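Have a look at the structure below before the remarks.
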Amino acid sequence: MAIIQHLIVDEYGTFIGKHSERLIVFKGEEKRLQAPLLHLESVVIANLGVSISADAVQVCTERGIPIFFISSIGEPYASLYSAGLTGTVATRRAQLEAYRDRRGLELALALALGKIQNQSNFLRYMSKYRKESAPALYEELRRRSAEVLEVYRELERLRSAEAFQQGIWSIEDLREVMMALEGRAARHYWEAIALTVPEKYNFPGRVGRGAADPLNAALNYGYGILYGQVERAIVLAGLDPYAGFLHVDRPGKPSLTLDFIEEFRPTVVDRTIIGLANHSVDFEQDEKNLLTQDTRRMIAEKVLERLDTPIPFEGKRYPIRGIIQMQARHMATFLRGERAAYVPSQLPW
């Protein structure tokens, strides 16, 4: 029997209960699945009409197993953790104070640079497999990667400006500039990816909420799965997911989670979903252009599998999931003044 590390429950009318040292999924009287708590790392509830018992919730919080709720289009709408995980104070005080000084500006810039660097790296990764089979596409992907990297350099030059060095600029002063540069890099990136995607997907370019085409729907759902893992890392590091730096604060908006996830989108989701597309995997949709249950489950499993893939980091190889957690802790130590800089992780190519 395969070990279940991530329990995904997405069938309408199912019930998650606890018995002894395991979670059990029922549909009516039928026992559908058992997941021993010993190996369980997360529970993902990915459909309406799924219920969970209070004792299952209690044992998950006691064991540090988060429960994530996402909609059928991949939008996270709730997470359950142990109340004790949000009880840290020193890190959160430092996080809030950093917004008004150079630490916050440095972190916002580093997170934006990390995303752009990984976008460039992913294009180079895709190009190397086409050098012999499609030399024209190889050259075009390399060119687009260089264009993304030029935006990276332009963003990095902000750091050498006198106003940045002297702490005169605030995040509010630079947010619009940073977001505009991020947007330009994203245009180069997604235009390049569109060149690699089979025509059958009718890929219109990157579309977020409300996407009707199968590839964007798959990307959005994959980001929803990644979101829960990123938020968990932030909470475990003692940080507040709602006190971000680059994204604007709004009530109910998890700004830090949205900041931090950017570093890992190309590494985890884009590589997974675009890889599936380049193998002509079908992302099946229903009559409302929503991904089918089987497709959502397949995407969730593939993204979680990617998170368990080891890649180089700080001179060793770690699962990406572990790197996300280490980076969240690095962020916390940087904000507390115990680390000189926050250095984004890089997707190897």
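The values are calculated or read from the model by the stated rules, or taken from the named source; none is laboratory data. For clarity, every value in this text was computed on a predicted model and none was experimentally measured. FYI the Cβ positions are ideal-geometry reconstructions off the backbone, even for glycines, and counts take in every protein chain you see. Quick note on the areas: whole protein, heavy atoms, side chains included, nothing else; ligands and nucleic acids left out. Shrake-Rupley method; radii C 1.70, N 1.55, O 1.52, S 1.80 Å.
Computed values, structure above
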quantity	calculated
From Gly224, Gly228, Gly252, residue being in contact with a Gly (Cβ under 9 Å, 6 or more places away or on another chain) and closer than 21 Å to Ile45 by Cα	Gly224
Residue list for the stretch 34-64, filter: open to solvent by 10 Å² or more (accessible area, probe 1.4 Å) and either hydroxyl-bearing (Ser, Thr, Tyr) or within 20 Å of Ile299 (Cα to Cα) (or both)	Leu40, Glu41, Asn47, Leu48, Val50, Ser51, Ser53, Thr61
Enumeration of residues in the stretch 246-295 that are of a type outside the set (A, V, I, L, M, F, W, C), in a helix (DSSP H, G or I) and touching a Leu at 6+ places or on another chain (Cβ under 9 Å)	Ser255, Asp259, Arg265, Pro266, Thr267, Asp270, Arg271
From Arg317, Arg329, Arg306, Arg265, residue being surrounded by 16 or more Cβ atoms within 10 Å (Cβ to Cβ) and more than 25 Å from Ile171 (Cβ to Cβ)	Arg306
The stretch 33-51, residues that are of a type in the set (A, V, I, L, M) and part of a loop (DSSP other than H, G, I, E, B)	Leu37, Leu38, Leu40, Ala46, Leu48, Val50
Boolean, Phe334 is at pLDDT 95 or above, among the aromatic types (Phe, Trp, Tyr) and in a loop (DSSP other than H, G, I, E, B)	no
Where Met178 falls short, out of the listed (1) open to solvent by less than 60 Å² (accessible area, probe 1.4 Å); (2) at pLDDT 95 or above; (3) not small (Gly, Ala, Ser)	(2)
Qualifying residues in the stretch 212-238 (those that are over 14 Å from Ile274 (Cβ atoms) and open to solvent by 20 Å² or more (accessible area, probe 1.4 Å)) - the one modelled with the lowest pLDDT	Leu236
Given (1) touching a residue at least 60 places away in the same chain (Cβ under 8 Å); (2) open to solvent by 10 Å² or more (accessible area, probe 1.4 Å), index of the condition Gly275 fails	(1)
Test for Ile16: is it without any contact (Cβ under 8 Å) to a residue 12 or more places away in the chain, surrounded by 13 or more Cβ atoms within 10 Å (Cβ to Cβ) and part of a strand (DSSP E or B)	no
Verdict on Ile70 being closer than 28 Å to Glu284 by Cβ, buried (at least 17 other Cβ atoms within 10 Å of the Cβ), without any contact (Cβ under 8 Å) to a residue 40 or more places away in the chain and out of contact with any Ser or Thr (no Cβ under 8 Å at 6 or more places or on another chain)	no
Qualifying positions in the stretch 113-153 - outside any helix (DSSP H, G or I), open to solvent by 60 Å² or more (accessible area, probe 1.4 Å) and either small (Gly, Ala, Ser) or under 19 Å from Arg271 (Cβ atoms) (or both)	Tyr129, Lys131, Ser133
